[in-house]
There are 4 protein chains.
Amino acid sequence: MTRSKSRKVPDITSPWEPFEDRRRARDIKREAVLRVAVHLFLEQGYDRTSLNEVAERLNITKPALYNYFANKEEILVECYSLGQELSEGALTRMREQDGDGLFRLRGLIRGHALTMAQDFGQCLVRIDDRVLSPEARREVRAGKRLIDAGFRAFISEGIADGSIRPCDVKLTAFAIAGALNWIGHWIQPDGDRSPEQIADEMALRLTEGIANTA
Amino acid sequence: MTRSKSRKVPDITSPWEPFEDRRRARDIKREAVLRVAVHLFLEQGYDRTSLNEVAERLNITKPALYNYFANKEEILVECYSLGQELSEGALTRMREQDGDGLFRLRGLIRGHALTMAQDFGQCLVRIDDRVLSPEARREVRAGKRLIDAGFRAFISEGIADGSIRPCDVKLTAFAIAGALNWIGHWIQPDGDRSPEQIADEMALRLTEGIANTA
Amino acid sequence: MTRSKSRKVPDITSPWEPFEDRRRARDIKREAVLRVAVHLFLEQGYDRTSLNEVAERLNITKPALYNYFANKEEILVECYSLGQELSEGALTRMREQDGDGLFRLRGLIRGHALTMAQDFGQCLVRIDDRVLSPEARREVRAGKRLIDAGFRAFISEGIADGSIRPCDVKLTAFAIAGALNWIGHWIQPDGDRSPEQIADEMALRLTEGIANTA
Amino acid sequence: MTRSKSRKVPDITSPWEPFEDRRRARDIKREAVLRVAVHLFLEQGYDRTSLNEVAERLNITKPALYNYFANKEEILVECYSLGQELSEGALTRMREQDGDGLFRLRGLIRGHALTMAQDFGQCLVRIDDRVLSPEARREVRAGKRLIDAGFRAFISEGIADGSIRPCDVKLTAFAIAGALNWIGHWIQPDGDRSPEQIADEMALRLTEGIANTA
DNA sequence: TATGAATGAGAATTCATTCAT
DNA sequence: CATGAATGAATTCTCATTCAT
């Protein structure tokens with residue numbers, strides 16, 4: 001690992017590097033915690049996953065976790081955030097791309113489907129956010145609404161530009177989002193379809209009915 | 001209540017009535033427990049709902065619950081069962097009705113959508129069955145697979161009889177089921193669409209793309 | 001059984017018989033409770049045996065037990081009593097028989113050994129009387145002391161009449177009682193020695209050292 | 001406390017001391033728990049002794065106990081172990097000593113008698129091992145059988161070398177063990193015989209009958 | 001930064017006992 | 001007599017979190 005190597009010779013190069021180094025090491029450890037945590041959360045549920053288990057898998061002790069996170073909730077919130085970023089990234093990318101509403105919608109579908117193929121993405125729909133404190137929940141839900149708004153926006157856009165047939169926007173968005181979110185519940189790492197295949201298929205299937213291809 | 005009335009004159013009508021009466025009273029109470037429990041489970045999550053809360057809402061004490069259920073898990077399992085029955089009922093009904101695959105699929109969609117509008121139905125998709133013991137989980141999942149198999153069967157049937165365009169059956173079934181299950185997450189009792197409206201809309205929307213209407 | 005016969009024709013013979021009958025039936029049931037209870041107490045320990053289990057084995061319900069016993073403790077106390085009576089019977093019998101101290105001691109040993117071969121006898125030494133309320137415990141211990149006093153009396157008697165060699169009476173009594181009480185811990189219903197064989201062997205073995213056979 | 005003193009100057013003496021120190025402190029605390037626990041177990045019985053009581057006497061809180069023991073059963077098992085070691089020590093010592101069977105038997109008797117004068121030894125015979133899980137019970141019973149086997153071995157040895165008169169080995173061993181185990185039930189800390197006196201007396205009394213002194 | 005220890009809060013479950021029927 | 005239901009009290013155990021070191 002380059003991390004451990006650089007840790008051996010910090011003073012030689014620059015007195016600032018150690019800080020950099022340390023911060024980076026810290027971030028790496030934070031990430032490791034999150035990866036292990038989200039994995040266990042998905043495997044056993046949030047409430048049934050004790051911080052002890054998380055710590056054990058990382059070969060540290062429970063209180064050590066508190067160096068990186070204020071509490072258990074913060075861990076979950078960050079897992080949500082990382083998942084959220086995945087879909088938001090797709091949303092942003094499609095917003096910035098040229099193309100009609102249908103094209104953008106399909107892009108978002110693909111992006112959201114791929115999100116659901118990852119642990120952090122899955123936790124968005126498989127870990128109930130009712131375990132969060134009201135404030136944290138509000139924030140998380142705001143994030144989720146963003147994506148939903150994205151679906152609706154692209155659908156409306158498509159209807160406006162003629163690429164999508166008129167339909168009940170809200171319900172259609174819910175239907176699409178639901179079909180995609182469900183992926184997180186049935187997808188298997190070693191399934192016979194790759195995440196990309198699933199994403200592509202969904203992008204078509206979920207828009208067939210509304211696409212104005214006639 | 002008729003119960004208390006009949007209790008006053010048991011010997012006159014029938015020596016069996018008291019028993020019947022008691023059994024019925026028992027069932028009524030069991031049901032009340034389940035209704036309160038599923039409500040709280042949906043509101044706060046299973047792990048965060050203590051039996052104390054359930055009991056309190058019923059104006060009884062916690063140990064009294066153990067007269068009706070062996071343990072907390074059994075309560076959840078029965079909630080799942082009641083939810084499961086809702087969709088299975090729709091499945092059975094459509095199986096017995098005449099009509100092509102598309103027709104049946106739409107019926108099942110409607111039925112499953114309506115299931116998702118009820119507490120017992122929602123708990124199927126909103127309470128993580130990973131809290132169950134392996135045996136109980138196996139049983140619950142078997143039930144869920146039944147519904148999924150129903151979707152696939154009707155789609156296959158439709159493809160065979162020409163009412164549905166050839167498509168990836170498994171993925172399509174997942175997409176439809178996902179869109180419907182998601183209803184349980186967003187529907188609101190006082191929303192501007194009635195469950196029936198949602199069900200009808202979904203029955204159309206989710207089949208538009210695959211219906212062979214040309 | 002004559003019990004069931006007489007129960008069928010109670011009014012014919014005498015208006016008083018039913019009472020007798022009822023009392024007897026009651027006693028029979030009490031005994032049944034005690035037999036089942038002591039068995040379970042020995043099998044699982046007093047605290048770990050719930051009245052439910054006792055009731056179940058008798059095909060009745062828990063509250064029904066309260067018709068025969070005031071509480072769980074009373075059941076145990078009566079089990080002790082029945083065991084106590086076994087040894088006390090032997091003590092009384094030997095007291096009334098002619099013979100020197102050694103003869104009587106051996107008789108008591110035999111009697112106490114046989115007591116330890118029965119459930120009620122075993123409970124004397126295998127169920128800790130510390131589970132009893134102070135009053136009940138006092139009574140039970142008084143009974144146990146009676147037996148112990150019997151051992152000492154016979155030993156002293158034997159020393160006085162020359163059939164037993166001078167020895168530390170108290171310690172010798174404890175040693176003999178201990179050896180006998182231990183039988184309750186190792187004896188097995190289907191062992192290769194009958195209770196009588198064990199009793200006889202003990203009567204000899206435990207007195208060999210102190211018998212004045214020279 | 002010396003602990004706090006050494007804690008002030010750890011680096012001077014050795015970098016390992018703190019660790020040693022901690023481990024030792026931990027062991028000391030574990031031992032304290034066991035001593036309090038066995039005392040209460042003997043006083044009130046295992047089931048009637050709550051971990052709360054144990055903790056209270058130690059001026060800690062109940063969950064703190066779980067730092068040292070996995071559960072209540074483990075505490076009991078360790079109490080048994082400590083008691084077991086006492087007698088096993090005597091057994092081993094006598095095995096290694098020169099002398100005939102009678103000599104060794106007497107040594108084991110003395111050792112076992114002294115075991116019964118201590119809390120940990122008493123719990124072997126006064127706490128019913130039926131409260132243990134099957135696995136734990138098996139282990140504990142294996143230990144008990146070891147001692148019993150020791151008694152039998154020394155008796156057989158004595159018969160073989162002529163120091164003990166031929167007798168029913170199994171029954172004799174049971175009788176001796178029983179007499180000794182009973183000590184745990186009647187001995188009193190402030191009795192008029194010291195444990196050593198009792199032990200010596202028992203070593204003689206229990207072998208008088210079988211010793212080949214003629 | 002990391003750890004062992006400790007704690008407060010809480011949860012499920014068990015059970016002897018009571019009571020109305 | 002017997003029962004179903006209910007309860008209060010207790011108990012074991014878990015866990016997130018804190019703190020001194």
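The values are calculated or read from the model by the stated rules, or taken from the named source; none is laboratory data. Everything quoted here is computed from the prediction, not taken from an experiment. FYI the Cβ positions are ideal-geometry reconstructions off the backbone, even for glycines, and counts take in every protein chain you see. Ligands, DNA and RNA are excluded from the accessible area calculation, which covers all protein heavy atoms including side chains. Shrake-Rupley method; radii C 1.70, N 1.55, O 1.52, S 1.80 Å.
Listing for the model above:
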| read-out | value |
| --- | --- |
| Span-like helix ranges in chain B, DSSP H, alpha carbon extent 24 angstrom or more, Kyte mean at least -1.0 | B:17-44, B:72-96, B:134-161, B:169-186 |
| All-pairs alpha carbon distance profile, the protein assembly as shown, 10 Å steps from 0, percent | 2, 9, 14, 15, 12, 12, 12, 10, 7, 4, 1, 0, 0 |
| Of A:Lys72/D:Lys29; A:Lys62/D:Lys72; C:Lys144/C:Lys170; A:Lys72/B:Lys144; C:Lys29/C:Lys72, those spanning more than 21 Å from alpha-carbon to alpha-carbon | A:Lys72/D:Lys29; A:Lys62/D:Lys72; A:Lys72/B:Lys144 |
| For the pair B and A, total buried accessible area rounded to nearest 100 Å², probe 1.4 Å | 2900 Å² |
| Residue with peak Gaussian network fluctuation, chain D [Cα springs, cutoff 10 Å], from D:Ala136, D:Ala173, D:Ala64 | D:Ala64 |
| Compactness relative to 2.2 N^0.38 Å, alpha carbon Rg of segment B:131-205 | 1.34 |
| Extreme residue, positive dipole direction of segment C:76-214, given options C:Leu132, C:Gln188, C:Ala113 (C-beta unit charges) | C:Leu132 |
| Compactness of chain B as Cα Rg over 2.2 N^0.38 Å, two decimals | 1.22 |
| Accessible surface of C:Glu139 - all protein chains present, 1.4 Å probe, nearest 10 Å² | 140 Å² |
| Estimated inter-spin distance, C:Lys62 and B:Ala142, nm [label 7 Å along Cα→Cβ] | 3.2 nm |
| Length-normalised contact order for segment C:76-214 - Cα pairs under 8 Å, 6+ apart - percent | 35 percent |
| Ordering of B:183-196, B:45-58 by packing [mean C-beta count within 10 Å, highest first] | B:45-58, B:183-196 |
| Position C:Leu146, label points 7 Å along Cα→Cβ, spacing to each other copy in nm (shortest first, one decimal) | 4.3, 6.5, 8.6 |
| Total formal charge among the other residues, if their Cβ is under 14 angstrom from that of A:Gly99, Lys/Arg +1 and Asp/Glu -1 | 0 |
| For segment D:126-170 and segment C:53-86, distance of Cα centres in Å | 35 Å |
| Two-site FRET efficiency, C:Arg165 against C:Leu204, from Cβ-Cβ distance with R₀ of 22 Å, rounded to 0.05 | 0.90 |
| Inter-probe distance in nm under a simple model that places probes 7 Å from Cα toward Cβ, at A:Gln188 and D:Glu53 | 5.4 nm |
| Cα-based equivalent ellipsoid of segment D:86-167: semi-axis lengths in Å, sorted from largest, via gyration tensor | 27, 14, 10 |
| Segment C:15-69: translational diffusion in µm²/s, Stokes-Einstein, Kirkwood Rh over Cα pairs, 25 °C, 0.890 mPa s | 206 µm²/s |
